[in-house]
Amino acid sequence: MLSPEILVLGASGRVGSGVVAALLEAGSPVLAVGRDDSRLQALAQRHADEPALELLAGSVATDREAARLAAQVAERPRRLRAVIDTIAGPRRSARLLDRRATVLRHSLDRGLLPHLTAARHLLPLLANDSRQGEVDAARYLLIGGPQAECGWAGYGHASITGAALRMLAKVLHEEALPLGVRLQLLAVDAPVWDADNASSACSGWHAALAVGRSAVSLVAGSGRPDCIVACSARDAIPASPLLARDFAQALQAAAGTHDGDRAAA
């Protein structure tokens, strides 16, 4: 039986690439999904020595595109263990009072609704093979930014969209529980840096890999079961063989439970 894989949406983005790196570091097979094939290929080149990384060009911008992606994932040989949604809409500086209301609608269309369409079509794939109990439950993880709890000056559209994402996560958390899936939102409390923007990063910003390790910890079943889980730079999780060991054990337990269910059937 092949080890189950974890799907990362927005895998070629700043946070998504950090999540992919952390999952590979922990020994998980990864299905990296993104809209831009050239950026996906660049991601693959950064991990050219990792046979556990596979790419899939796809989008969740609309229900039709999300349904197409879900159908492709359902046909894959590896079972889906978790989904980590790292997609994010564009952030442009502007006062709310200076822009038309259609700008906010556009922000919601790009930064909120794709998360819903993704969950509508991908979460059932986890539910179809979910198991009872907190340890063995399938995982669905959203990544939220720091602008949701307090309005950012000049970025009100992103703040409103981020606050809506938190409420979406709370509603989906309750709806996913009866399906045997634990849905959470990792609330990152500061901007994220990587090699591309390191020169302009400030003290207290998160490294993309550190955010990825926090995501791995949640998917592995560590931490609180709350719907909203704070991610603070001061609580950054370092590279640890223990985390990789725990994650590998969680994957093995999931695969073993799946084999037992098939045998019983």
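The values are calculated or read from the model by the stated rules, or taken from the named source; none is laboratory data. Everything numeric in this text was worked out from a predicted model, so none of it was measured. All Cβ positions, glycine included, derive from the backbone under ideal geometry; neighbour counts span all protein chains shown. Protein only, heavy atoms only, side chains kept; ligands, DNA and RNA dropped before computing areas. Shrake-Rupley method; radii C 1.70, N 1.55, O 1.52, S 1.80 Å.
What is the residue count in the range 44-67 for residues that are among the basic types (K, R) and within 21 Å of L142 (Cβ to Cβ)?
0
Selection of first residues in the range 82-108 that are acidic (D, E) and of second residues that are surrounded by fewer than 11 Cβ atoms within 10 Å (Cβ to Cβ), restricted to Cβ pairs under 7 Å at least 6 apart or on distinct chains, gives an empty result.
Of the candidates L7, L2, L40, the single residue that is of a type outside the set (G, A, S) and farther than 21 Å from A66 by Cβ is L2.
Scoring L55 on the criteria (1) aliphatic (A, V, I, L, M); (2) open to solvent by 40 Å² or more (accessible area, probe 1.4 Å); (3) farther than 22 Å from A118 by Cα leaves a single failure, condition (3). So in the range 1-16, with the set limited to residues that are of a type in the set (G, A, S) and open to solvent by 10 Å² or more (accessible area, probe 1.4 Å), which one is modelled with the highest pLDDT? Ranking the qualifying residues of the range 1-16, first place goes to G10.
For the range 76-89, the criterion of being touching a helix residue (DSSP H, G or I) at 6+ places or on another chain (Cβ under 9 Å), closer than 27 Å to R213 by Cβ and open to solvent by 60 Å² or more (accessible area, probe 1.4 Å) is met by at least one residue. H115 fulfils the conditions (1) open to solvent by 10 Å² or more (accessible area, probe 1.4 Å); (2) at pLDDT 95 or above; (3) within 16 Å of V60 (Cβ to Cβ) except for a single criterion, (1). Scanning the range 17-47 for residues that are under 12 Å from R213 (Cβ atoms) and either out of contact with any helix residue (DSSP H, G or I) (no Cβ under 7 Å at 6 or more places or on another chain) or open to solvent by 20 Å² or more (accessible area, probe 1.4 Å) (or both) yields a total of 3. Taken across the range 82-90, residues that are modelled with pLDDT of 90 or more, at negative phi, over 15 Å from the mean Cα position of the chain (by Cα) and hydroxyl-bearing (S, T, Y) do not occur at all.
Residues in the range 201-225 that are at pLDDT below 90 and either surrounded by fewer than 21 Cβ atoms within 10 Å (Cβ to Cβ) or not hydrophobic (A, V, I, L, M, F, W, C) (or both): A201, C202, S203, G204, W205, H206, A207, G221, S222, G223, R224, P225.
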